[in-house]
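Chemist: My structure is below; once you've seen it, I'll send some questions.
The values are calculated or read from the model by the stated rules, or taken from the named source; none is laboratory data. Nothing here was measured: the structure is a model prediction, and the numbers come from that model. Positions of Cβ are backbone-derived with ideal geometry, glycine not excepted, and every protein chain shown enters the neighbour counts.
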Amino acid sequence: MSEKKVLHIVESFGSGVFSFLTGLVRETADEFEICIAYGKRAETPENFEEYFDKKVRFVEVKNFSRSINPVSDLKAFFEVKKIIKAEDPDIVHLHSSKAGFVGRFAANCKKRRVIYNPHGFSFLMLDSSALKRSLYRIIERLGTLNRATVVGCSQGEYEQAKKLTKRSVCISNGLNIQAAAKLESELDAHTFNAESPSVCTCARIGAQKMPAVFNSIAQSLKDLSFLWIGDGELKTELTSENISVSGWVDKSQAVRLENDCDIFMLTSAWEGLPIALLEAMYLKKLCIVSDCIGNRDVIKNGVNGFVCKDKQEFVEAVNRVREMSLQEVEKITDAARRDVEENYNLRKNVREKYINLYLDK
């Protein structure tokens with residue numbers, strides 16, 4: 001094992017960021033000493049330690065909060081600073097906006113390597129006012145003052161990062177192909193139902209994923225069944241009678257539920273590069289996604305899925321799929337699977353890019 005220590009700091013310890021981190025840590029645990037300082041969320045698995053190598057250590061940051069709160073954020077800053085001093089890592093790897101802002105000021109870039117993954121810049125939140133987004137952009141600019149390296153997890157996010165700092169690189173999110181293949185081998189075969197395709201999504205039911213839009217699409221397609229795999233504070237917006245909500249389930253159950261559906265849909269207002277989308281593509285689900293950074297970086301309209309600008313285009317895309325032959329559907333889903341295998345392989349990205357970044361090559 002390398003003598004170098006990596007301290008991951010993550011406030012949003014759930015959903016897509018959690019999936020990304022489990023994959024990244026799995027691929028680096030044999031070469032680095034790893035500690036994860038985390039904030040607990042409703043979507044954080046109760047048995048989260050079991051998703052990681054037994055060598056990984058955990059420290060809870062008790063003052064992390066999802067929203068901006070000057071008092072708790074200041075407490076979190078001193079708490080994180082204390083953890084960094086105690087752990088004395090060679091590399092500090094920050095995940096998402098809150099940990100990215102607090103951690104970049106708490107860490108000393110002159111003493112150690114500091115890396116920041118936004119996983120979807122906060123100033124791209126289209127559900128926020130223009131004033132709020134401007135504030136988030138200013139906060140991100142302030143965060144660049146400590147000379148950390150910003151990692152864009154998609155080409156679109158990288159382009160945004162370059163506008164903030166020259167110390168930016170692009171390392172696309174990836175899927176753990178080996179783990180995905182193992183899960184897939186345990187699933188029953190599923191045949192696409194072109195006449196009455198079932199639709200699912202997998203995410204926290206929050207503002208980012210635009211549940212009201214998902215609900216409106218379901219209301220326009222009342223003869224189809226919709227499933228939201230997950231839970232969240234905006235669950236009450238899913239009122240259409242043809243929508244079911246699974247609640248929080250573990251990874252294997254989520255994959256089983258997804259496998260039983262035909263269409264995977266993302267109505268996101270903003271993204272980094274969603275792991276859930278890569279998982280759906282690998283499972284050969286027909287993917288229909290919103291036209292935002294992350295989604296449109298992966299899905300090429302009509303080639304490996306469909307990209308939609310509004311609710312009406314989502315409805316039209318679903319109806320278009322219902323008119324396709326099974327061969328036409330398979331051509332698109334096969335292309336999606338190949339794309340993940342060739343361009344979004346987590347192990348390849350970690351080995352070729354993240355480890356070199358950790359070692360400052």
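Chemist: Suppose the filter is over 27 Å from Ala181 (Cβ atoms), assigned by TED's automatic domain parsing to the domain that holds Ser252 and buried (at least 22 other Cβ atoms within 10 Å of the Cβ); does Ile275 pass it?
Modeler: no
Chemist: Looking only at region 215-256, count every residue that is among the aliphatic types (A, V, I, L, M), in contact (Cβ under 8 Å) with a residue 24 or more places away in the chain and within 27 Å of Arg41 (Cα to Cα) and tell me the total.
Modeler: 8
Chemist: Sticking with this one: Taking the condition among the hydroxyl-bearing types (Ser, Thr, Tyr), without any contact (Cβ under 8 Å) to a residue 40 or more places away in the chain and within 22 Å of Asp297 (Cα to Cα), does Ser134 pass? Walk me through it before giving the result.
Modeler: Working: among the hydroxyl-bearing types (Ser, Thr, Tyr): yes; without any contact (Cβ under 8 Å) to a residue 40 or more places away in the chain: yes; within 22 Å of Asp297 (Cα to Cα): no.
For Ser134, the condition - among the hydroxyl-bearing types (Ser, Thr, Tyr), without any contact (Cβ under 8 Å) to a residue 40 or more places away in the chain and within 22 Å of Asp297 (Cα to Cα) - is not met.
Chemist: If I ask for residues that are in a loop (DSSP other than H, G, I, E, B), within 23 Å of Asn295 (Cα to Cα) and out of contact with any Phe, Trp or Tyr (no Cβ under 7 Å at 6 or more places or on another chain), which ones from region 1-16 would you list?
Modeler: Ser12, Gly14
Chemist: Also: Looking at Asn356, Asn319, Asn259 in this structure, which one is polar (S, T, N, Q) and under 22 Å from Tyr116 (Cβ atoms)?
Modeler: Working: Asn319 fails: under 22 Å from Tyr116 (Cβ atoms); Asn259 fails: under 22 Å from Tyr116 (Cβ atoms).
From the options Asn356, Asn319, Asn259, the qualifying one is Asn356.
Chemist: Let me ask you something else. Quick check on region 304-318. Is at least one of its residues among the basic types (Lys, Arg) and crowded, with 17+ Cβ neighbours inside 10 Å?
Modeler: Yes, some residue in region 304-318 is among the basic types (Lys, Arg) and crowded, with 17+ Cβ neighbours inside 10 Å.
Chemist: What is the residue count in region 107-133 for residues that are within 25 Å of Gly16 (Cα to Cα) and more than 21 Å from the chain's Cα centre (by Cα)?
Modeler: Keep residues of region 107-133 that are within 25 Å of Gly16 (Cα to Cα), which gives 107, 113-129, 132-133.
Those still in the list that are more than 21 Å from the chain's Cα centre (by Cα) too: 107, 113, 129, 132.
Count: 4.
Chemist: Taking region 17-55 as the region of interest, how many residues are buried (at least 16 other Cβ atoms within 10 Å of the Cβ) and assigned to a helix (DSSP H, G or I)?
Modeler: Residues that pass the stated criteria total 14.
Chemist: Take Ala180 and tell me if it is in contact with a Pro (Cβ under 9 Å, 6 or more places away or on another chain), closer than 28 Å to Val25 by Cβ, touching a residue at least 60 places away in the same chain (Cβ under 8 Å) and of a type in the set (A, V, I, L, M).
Modeler: So Ala180 does not fit the description; no.
Chemist: I would also like to ask the following. Identify all residues within region 29-67 that are free of Cβ contacts under 8 Å to residues at least 24 places away in the same chain and not polar (S, T, N, Q); write none if there are none.
Modeler: If the condition is that a residue be free of Cβ contacts under 8 Å to residues at least 24 places away in the same chain and not polar (S, T, N, Q), then Glu46, Glu49, Glu50, Lys54, Arg57, Phe58, Glu60, Lys62 are the ones that fit.
Chemist: Taking Asn63 as meeting all but one of (1) in contact with a helix residue (DSSP H, G or I) (Cβ under 7 Å, 6 or more places away or on another chain); (2) surrounded by 20 or more Cβ atoms within 10 Å (Cβ to Cβ); (3) among the polar types (S, T, N, Q), write down the number of the exception.
Modeler: Just one mismatch for Asn63, condition (2).
Chemist: Moving to a separate point now. Residues that are touching a Cys at 6+ places or on another chain (Cβ under 9 Å), surrounded by 22 or more Cβ atoms within 10 Å (Cβ to Cβ) and not aromatic (Phe, Trp, Tyr): does region 205-228 have at least one?
Modeler: No, that holds for no residue.
Chemist: Taking region 328-361 as the region of interest, how many residues are within 18 Å of Cys287 (Cβ to Cβ) and part of a helix (DSSP H, G or I)?
Modeler: So the answer is 16.
Chemist: Across region 200-232, what is the total count of residues that are under 15 Å from Ser268 (Cα atoms), more than 15 Å from the chain's Cα centre (by Cα) and either among the aromatic types (Phe, Trp, Tyr) or part of a strand (DSSP E or B) (or both)?
Modeler: 3
Chemist: Which pairs turn up if I take residues in region 328-346 that are within 12 Å of Lys300 (Cβ to Cβ) and touching a residue at least 40 places away in the same chain (Cβ under 8 Å) and look for partners that are among the hydrophobic types (A, V, I, L, M, F, W, C) and part of a helix (DSSP H, G or I) with beta carbon separation below 6 Å, at least 6 apart in sequence or on another chain?
Modeler: So the pair list comes out as Ala336/Met281.
Chemist: Identify the single condition in (1) in contact with a strand residue (DSSP E or B) (Cβ under 9 Å, 6 or more places away or on another chain); (2) polar (S, T, N, Q); (3) within 20 Å of Leu286 (Cβ to Cβ) that Ser196 does not satisfy, given that it satisfies every other one.
Modeler: Condition (1) is where Ser196 drops out.
Chemist: Okay, next question. Give the residues of region 73-91 that are crowded, with 16+ Cβ neighbours inside 10 Å and of a type outside the set (Phe, Trp, Tyr), sorted by residue number.
Modeler: Matches in region 73-91: Asp73, Lys75, Ala76, Glu79, Val80, Lys81, Ile83, Ile84, Glu87, Pro89, Asp90, Ile91.
Chemist: Something else now. Restrict the check to region 174-188 and report whether at least one residue is part of a helix (DSSP H, G or I), among the acidic types (Asp, Glu) and surrounded by fewer than 16 Cβ atoms within 10 Å (Cβ to Cβ).
Modeler: Yes, the conditions are met somewhere in region 174-188.
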